[in-house]
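In what follows, a structure is listed as structure tokens, so that the remarks can point back to it.
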Amino acid sequence: MNIREALTYDDVLLVPKMSHIRSRADVSTTTKLSKNITLNIPIVSSNMDTVTESAMAIAMARMGGIGIIHRFCSMEAQAREVLKVKRHQSMIVRKPLTITPNSSIKELRAKVKEYGYSGFLVCEEGDTKLLGIITKRDYILENGEEKFVGDLMTSAQDLITAANEISIEEAKQLFAKHKIEKLPIVDENFSIVGLITKKDLVENFDDKLAVKDRHGRLVVGAAVGVTGDYMERVDALVEAEVDIIDLDIAHGHSIIEIEALKQIKEKYPNLEIMAGNIATPDAAKDLIEVGADCLKVGIGPGSICTTRITTGFGVPQLSAIMDIYPVCFEYGIPMIADGGIKVPGDLVKALAGGADCVMLGGQLSGTEETPGSVINYNGRQYKISRGMASLTAAISRPGAKEDLSKITPEGIEAKVPYRGSVKDVISKYIGGLRSGMSYGNAKTIRELRDCEFVKITNSGIRESNSHDNEVL
Ligand code: XMP
């Protein structure tokens with residue numbers, strides 16, 4: 001049997017070209033995520049339960065990328081995470097959360113804790129007529145059980161409100177003049193149409209790269225599986241106005257994924273679907289032909305994956321990308337290279353090989369924005385990262401099998417050093433990408449694909465890393 005060679009990032013380097021790029025600021029990092037979503041940086045945060053919930057997704061979209069909310073929780077919890085992203089930071093929050101006037105202060109505090117907002121508009125159950133607003137200063141000193149929201153709120157007649165057509169400038173003036181934190185938007189019947197918060201207004205001006213939907217809200221994706229209640233989960237996510245669904249299974253080139261994709265597309269023809277994971281051109285073709293709007297490539301390259309060890313299957317990641325690229329090019333479908341990125345140079349190689357974006361898991365784990373708390377171990381700070389097919393992930397997911405001996409893990413758990421804000425990780429990656437684009441004379445990510453790869457030996461790998469020094 002003729003066995004062909006397959007390569008990954010460490011096996012190759014890109015050959016520098018005569019560059020007409022005078023500054024790293026002169027390159028564009030804009031790219032396609034899917035048929036209809038454009039990102040300002042080619043980075044997607046992984047749908048792992050130790051990587052992406054709303055905090056990570058918000059940070060990613062604000063920096064120009066996107067986060068995919070994981071599915072290892074109830075559909076209600078996942079939809080809530082999507083809503084938190086959609087409600088964040090658009091100038092007008094379209095479906096603001098409300099509370100009824102006869103809610104107790106205890107109920108109010110529970111709602112504050114659940115959603116992480118300090119105040120709510122007040123209206124009756126099932127109604128939209130604005131009755132008032134309750135903010136932190138109204139209830140902060142209230143410990144008793146006997147008071148209700150209606151007793152403490154600022155009533156509608158004393159509120160500053162605005163109409164839907166308000167401009168950013170007019171909103172800024174109202175906030176400054178009346179020293180308010182929240183501005184309810186109402187219609188002619190005083191029904192709630194939306195809410196503007198001072199925080200969102202300020203943040204809107206800072207986020208030049210933020211990726212937003214047509215209503216000015218941050219974009220977000222969410223993962224679903226292909227068995228059980230996945231269709232109801234899609235319904236819940238669509239209701240929360242998710243921008244893209246990640247149809248995510250370990251072996252995406254399968255009849256169950258194809259059937260699920262067809263079913264979702266039948267019900268929601270305009271909903272964008274990321275399909276994967278795959279590693280071959282045949283898989284790419286089959287999924288595109290049933291409606292995939294982008295493809296996720298990577299079988300077993302991830303930092304916490306053991307699929308290749310457990311099953312013997314997989315394709316080294318750079319070859320998988322380069323094999324699939326001609327199919328993506330022919331159909332005009334973007335590709336996300338998922339897993340195995342360890343350094344910024346790997347991102348550049350993935351894009352030069354034909355990917356449009358990369359998905360990062362391990363490289364984002366341990367940051368402030370990941371779920372979970374910081375743990376102290378031997379005097380150092382860590383966060384936990386785990387493969388979604390690891391033993392601990394399998395036993396902690398809803399409806400887990402009780403018999404652990406029936407689980408064959410394809411991933412591991414790890415402790416990763418706590419590394420502060422994800423912003424620092426992303427800026428290191430984008431700095432490396434901009435520099436790489438200048439070495440490759442590529443003004444755009446697509447132009448990187450004209451660069452030549454050379455295969456290197458172990459000596460080349462040794463030479464590439466710092467050597468013959470005592471590293472400080
Ligand atoms: P990195 O290298 O960025 O890879 O950490 C993240 C990607 O790894 C995949 N993933 C898994 N693959 N077993 C696997 O074989 C697992 O338990 C597992 N968990 C995550 C996933 O595609 C992710 O984006």
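The values are calculated or read from the model by the stated rules, or taken from the named source; none is laboratory data. Keep in mind it's a predicted model, so treat the numbers as computed, not measured. When we count neighbours, we look across all protein chains shown, and the Cβ atoms used for this are built from the backbone with ideal geometry, even at glycine. For accessibility, only protein heavy atoms count, side chains too; no ligands or nucleic acids. Shrake-Rupley method; radii C 1.70, N 1.55, O 1.52, S 1.80 Å.
Does residue 435 meet the test of being open to solvent by less than 50 Å² (accessible area, probe 1.4 Å), out of contact with any Phe, Trp or Tyr (no Cβ under 7 Å at 6 or more places or on another chain) and hydroxyl-bearing (Ser, Thr, Tyr)? In short, yes.
Pairing residues of region 300-313 that are more than 11 Å from residue 410 (Cα to Cα) with residues that are open to solvent by 50 Å² or more (accessible area, probe 1.4 Å) and near the ligand (Cβ under 9 Å from one of its atoms), at Cβ distances under 8 Å and at least 6 apart in sequence or on separate chains, gives 303/342. Looking at region 135-150, can you tell me whether even one residue there is in contact with a Ser or Thr (Cβ under 8 Å, 6 or more places away or on another chain) and under 23 Å from residue 85 (Cα atoms)? The answer is yes; a qualifying residue exists. Residues to consider are 37, 3, 21; find the one that is over 29 Å from the mean Cα position of the chain (by Cα) and open to solvent by less than 40 Å² (accessible area, probe 1.4 Å). When all the criteria are applied, what remains is 21.
Taken over region 444-472, the criterion of being in contact with a helix residue (DSSP H, G or I) (Cβ under 7 Å, 6 or more places away or on another chain) and farther than 18 Å from residue 7 by Cβ is satisfied by 445 alone. The residues of region 235-260 that are under 22 Å from residue 45 (Cα atoms) and away from the ligand (no atom under 16 Å from the Cβ), listed by number, are 236, 237, 238, 240, 241, 242, 243.
Inspection of region 411-426 finds no residue satisfying the criterion of being among the β-branched types (Val, Ile, Thr), exposed (fewer than 13 other Cβ atoms within 10 Å of the Cβ), closer than 30 Å to residue 374 by Cβ and out of contact with any Gly (no Cβ under 6 Å at 6 or more places or on another chain). When 408, 444 are checked against the criterion of being among the polar types (S, T, N, Q), within 12 Å of the ligand (Cβ to nearest atom) and in the same structural domain as residue 26 (by TED's automatic domain parsing), 408 stands alone in meeting it. Once region 446-472 is narrowed to residues that are of a type in the set (A, V, I, L, M) and modelled with pLDDT of 85 or more, the residue that is least open to solvent (accessible area, probe 1.4 Å) is 448.
Filtered by the rule that a residue be at pLDDT below 90, aliphatic (A, V, I, L, M) and surrounded by 12 or more Cβ atoms within 10 Å (Cβ to Cβ), region 109-151 gives 110, 112. Residue check: residue 161 meets all listed conditions (1) under 21 Å from residue 92 (Cβ atoms); (2) touching a Ser or Thr at 6+ places or on another chain (Cβ under 7 Å) but one, namely (2).
Looking only at region 286-315, residues that are touching a Ser or Thr at 6+ places or on another chain (Cβ under 7 Å) and assigned to a helix (DSSP H, G or I) come to 1 in all. Evaluated against (1) away from the ligand (no atom under 13 Å from the Cβ); (2) on the phi < 0 side of the Ramachandran plot; (3) surrounded by fewer than 23 Cβ atoms within 10 Å (Cβ to Cβ), residue 64 falls short on exactly one condition, (2). The residue of region 301-316 that is nearest to the ligand (Cβ to nearest atom), among those that are crowded, with 18+ Cβ neighbours inside 10 Å and aliphatic (A, V, I, L, M), is 304.
Screening residue 43 on (1) touching a Phe, Trp or Tyr at 6+ places or on another chain (Cβ under 7 Å); (2) surrounded by fewer than 21 Cβ atoms within 10 Å (Cβ to Cβ) shows it passes everything except condition (2).
A single entry from 333, 324 fulfils the requirement of being more than 16 Å from the ligand (Cβ to nearest atom), of a type in the set (A, V, I, L, M) and in contact (Cβ under 8 Å) with a residue 12 or more places away in the chain: 333.
In region 192-212 there is at least one residue that is out of contact with any helix residue (DSSP H, G or I) (no Cβ under 6 Å at 6 or more places or on another chain), within 17 Å of residue 69 (Cα to Cα) and surrounded by fewer than 22 Cβ atoms within 10 Å (Cβ to Cβ).
As a summary of the residue check, residue 291 satisfies the conditions (1) on the phi > 0 side of the Ramachandran plot; (2) out of contact with any Leu (no Cβ under 9 Å at 6 or more places or on another chain) except for the one numbered (2). For region 152-191, the tally of residues that are open to solvent by less than 50 Å² (accessible area, probe 1.4 Å) and within 30 Å of the chain's Cα centre (by Cα) stands at 6.
Tally up the residues in region 262-280 that are farther than 29 Å from residue 87 by Cβ and buried (at least 22 other Cβ atoms within 10 Å of the Cβ), please. Matching residues across region 262-280 total 3. Tell me yes or no: at least one residue of region 252-262 is basic (Lys, Arg) and without any contact (Cβ under 8 Å) to a residue 12 or more places away in the chain. No: region 252-262 contains no residue that is basic (Lys, Arg) and without any contact (Cβ under 8 Å) to a residue 12 or more places away in the chain. Just one of the listed residues (272, 289, 232) is more than 15 Å from the ligand (Cβ to nearest atom), more than 26 Å from residue 354 (Cβ to Cβ) and among the charged types (D, E, K, R), and it is 232.
Set side by side, the residues 319, 373 differ, and just one is of a type outside the set (Phe, Trp, Tyr), more than 13 Å from the ligand (Cβ to nearest atom), open to solvent by 20 Å² or more (accessible area, probe 1.4 Å) and more than 24 Å from residue 225 (Cα to Cα), which is 373. Among the residues of region 307-346, the one identified as at pLDDT below 95 and touching a strand residue (DSSP E or B) at 6+ places or on another chain (Cβ under 8 Å) is 307.
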